[in-house]
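Written out below as structure tokens is the structure these notes cover.
The values are calculated or read from the model by the stated rules, or taken from the named source; none is laboratory data. Quick caveat: nothing in here was measured; it's all calculated off a predicted structure. Please note: Cβ atoms are built from the backbone with ideal geometry, for glycine as well, and neighbour counts cover all protein chains shown. For accessibility, only protein heavy atoms count, side chains too; no ligands or nucleic acids. Shrake-Rupley method; radii C 1.70, N 1.55, O 1.52, S 1.80 Å.
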Amino acid sequence: MKLKGFMSAMALATLPMAMSNAFAADAPPLTEDERAQAKQIYFERCAGCHGVLRKGATGKNLEPHWAKTLADGTKMEGGTLKLGTDRLEKIIAYGTDGGMVNYDDILTKEEINLMARYIQQTPDVPPEFSLKDMKDSWKLIVPVDKRPTKQLNKINLKNVFAITLRDAGKLALVDGDTHKIWKVLDTGYAVHISRLSASGRYVYTVGRDGLTTIIDMWFEEPTTVASVRLGSDARSVDVSKFKGFEDKYLIGGTYWPPQYSIMDGETLEPIKIVSTRGQTVDGEYHPEPRVASIVASTTKPEWVVNVKETGQILLVDYSDIKNLKSTAIESAKFLHDGGWDGSKRYFMVAANASNKVAAVDTKTGKLAALVDTAKIPHPGRGANFVHPQFGPVWSTGHLGADVVSLISTPSEESKYAKYKGNNWKVVQELKMPGAGNLFVKTHPKSKHFWADAPMNPEREIAESVYVFDMNDLNKPPVQLNVAKDSGLPETTAIRRAVQPEYNVAGNEVWISLWGGKKDQSAIVIYDDKTLKVKKVITDPSIVTPTGKFNVFNTMHDVY
Ligand code: DHE
């Protein structure tokens, strides 16, 4: 399967280029200019999956030479030098069944040859990013005492959608009641996620370039009130949500440098940076364990911080930042995205290279289970509902398999006691038309379960979403062709239908139709009951829309 576009993130687009300059003696030669160009392409297109140091994670190890001894004593070695330029060119151009993207229509022949030569060189090491660097980047645009003391607009904030306009480096705030764009704001490059303050007033964004912003929705018009750089490559951010600590702190996780940082929740003033470098669950030292998903607990003053390469899940206790306590829970590799189960006691996170989902019990601070699933689970935040036959379940789609897995989760409610025997097992796999799913979603008021498949290589599948009837999950899903339903003319590039998100009432589902940067994209809104199109938002400012975050549902983890 080819996961085109998924891994071609502009991950380190603005990375400073003061890096080590080692040339591998036996690698094909590169001029200084070629090397500079290749560095940029590598950081824009490859680092998200293969890592800055090229140790591999979602993608393979790309060091010139590697050697390892397996647990049974078998010695293995490999590397890009061994593969050589011809073979590497083919892999880059045509991709692999292991999930490598085909770049023959993204890069030119010359660029492919350049990259094949570049990855035989010793990896370039980007600079570290200290607390001082962070403080130097911090901008307090509107101090707290100059901000409104009450909401100055009439917008129903609970139903606002924060929508990532990926390649535009912007965020659209859309009024969910009127379906009108409220404001488009500048953010970091390719905002990965938006999260909400516990109060529902502030939207936090995190760009792939490490820029975090805080937007205040109490002004007449949404206003960016502070920004700070977390590092050069980031994916996650969340506030403190425990009673008494609401919005006091913000945490941000970076891919480079591998660390998390804690800031003031209202001003973003940097407070502390903690490195995640250390041992993997296999006992090896890893120099680049990137911070993947982060979520705030409401059970304790803690964040759940998932460290990709080490497979360690950190419970970071923010009740005393000066004397920070963190519990490291061993799980499996490589940790990626996840969400709460229905009871909000267990955090479920995909360990995508192990084909497992790890469940952390945030009450006891221990691993509750490692659940075996189909290939490459990718839940987004997952989706919770009560299965007519198996009781409470949390679900995940898969990048590498044509199913959605439903995992039975525990409940303290006595009416669900009879399902206990199913807990932490995949109780059903819903059949999808192909692999390449990224996000699933449902809502407590809905009888429908939505799944996308944007990474499927077939246009028809990637441009559609699939809706299951939760009263009869054995029925095949209804296919909704979002590209056709948008009414927009067909384009050469596939327009991926991505990330279903509900409105606050749970009666509308919003889907991004993610087209090329120069093509008109859209947000297509469906009636959840009738599955008919209610509205198509095709404003020219809607450029490459991807993630959508409804204020209320994001604040309260409704999914
Ligand atoms: Fe994501 C969530 C990392 C590519 C859209 N993505 C996440 C999270 C991580 C992550 C760690 C969890 C954040 C959290 O909850 O705290 N994503 C990565 C990558 O490393 C990867 C594979 C490659 C890269 O270089 O970035 C990647 N992601 C993509 C895309 O190409 C997507 C489809 C489009 C885009 O905007 O870039 C994409 N990722 C998303 C979205 C979420 C997300 C919409 C949040 C889902 C939610 O419901 O919370």
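Quick look at the numbers
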| quantity | calculated |
| --- | --- |
| Given Lys344/Lys447; Lys183/Lys441; Lys158/Lys180; Lys243/Lys344; Lys243/Lys445; Lys344/Lys420, the pairs whose alpha carbons are separated by over 19 Å | Lys344/Lys447; Lys183/Lys441; Lys243/Lys445 |
| Region 379-396 - phi-based ³J(HN,Hα) in whole Hz, Karplus 6.51/-1.76/1.60, Gly and Pro as x | x, x, 9, x, 8, 10, 7, 9, 6, x, 9, 10, x, x, 9, 10, 10, 9 |
| 5 angstrom amide H check on Ala522, placed H, neighbours 5+ away | Leu513, Gly515 |
| Dipole magnitude (debye, nearest 20) for region 274-345, charges at Cβ of Lys, Arg, Asp, Glu | 220 |
| Solvent-accessible area, 1.4 Å probe, carbon plus sulfur percent, for region 88-201 | 54 |
| Helix-only CD estimate at 222 nm, as mean residue ellipticity for the chain, using -39500 (n - 2.57) per DSSP H run (n ≥ 4) | -2500 deg cm²/dmol |
| Net charge over other residues, Cβ less than 12 angstrom from the Cβ of Ser297 (K, R count +1; D, E count -1) | +1 |
| Gain on full stretching of the segment that runs from Arg87 to Gln389 - 0.36 nm per residue minus C-alpha separation | 103.7 nm |
| Where labels lie 7 Å past Cα in the beta-carbon direction, separation of Thr96 and Asp136 in nm | 3.9 |
| Gap separating the Cα centres of region 92-111 and region 462-477, nearest whole Å | 32 |
| Cβ-based charge dipole, region 434-559, positive-most Cα from Val543, Pro454, Asn471 | Val543 |
| From phi via Karplus (6.51, -1.76, 1.60), per-residue ³J(HN,Hα) for region 238-249 in Hz, x at Gly/Pro | 7, 9, 7, 10, 5, 3, x, 10, 3, 6, 5, 10 |
| Segments 25-33, 245-253 sorted - mean Cβ within 10 Å per residue, highest first | 245-253, 25-33 |
| Theoretical FRET efficiency, 1/(1+(r/R0)^6), r = Cβ-Cβ of Thr492 and Thr538, R0 22 Å, to 0.05 | 0.75 |
| Cα-based Kirkwood hydrodynamic radius, region 258-406, one decimal, Å | 15.8 |
| Accessible area expressed per residue, the chain, with surrounding protein chains retained (probe 1.4 Å, Å²) | 39 |
| Residues of region 341-357 with amide N under 15 Å of the 7 Å Cα→Cβ point at Val427 | 341-343 |
| Accessible area of region 218-268 belonging to carbon and sulfur atoms, whole % at 1.4 Å probe | 46 |
| Cβ-based net charge around Leu185, under 13 Å, with every Lys or Arg adding one and every Asp or Glu removing one | -1 |
| Peptides 369-377, 204-212 ordered by average Cβ neighbours within 10 Å, highest first | 204-212, 369-377 |
| Kyte-Doolittle at least -0.5, axis length at least 18 Å by Cα - qualifying DSSP helices, the chain | 80-94 |
| Two-decimal ratio, the chain, of alpha-carbon radius of gyration to 2.2 N^0.38 Å | 0.93 |
| Peptides ranked, highest mean first, by Cβ atoms within 10 Å: ranges 464-475, 59-70 | 464-475, 59-70 |
| Note, ³J(HN,Hα) from phi for region 506-518, Karplus 6.51, -1.76, 1.60, rounded to Hz, x at Gly and Pro | x, 10, 10, 10, 9, 10, 8, 9, 8, x, x, 4, 9 |
| FRET efficiency for Ala67 and Val125, using Cβ-Cβ distance with R0 set to 22 Å, rounded to 0.05 | 0.60 |
| Relative contact order (%) - the chain, alpha-carbon pairs under 8 angstrom, separation at least six | 9 |
| Carbon plus sulfur fraction of accessible area for region 450-559, probe 1.4 Å, in percent | 51 |
| Solvent-accessible ranking of Lys548, Lys535, Lys75, largest area first, probe 1.4 Å | Lys75, Lys535, Lys548 |
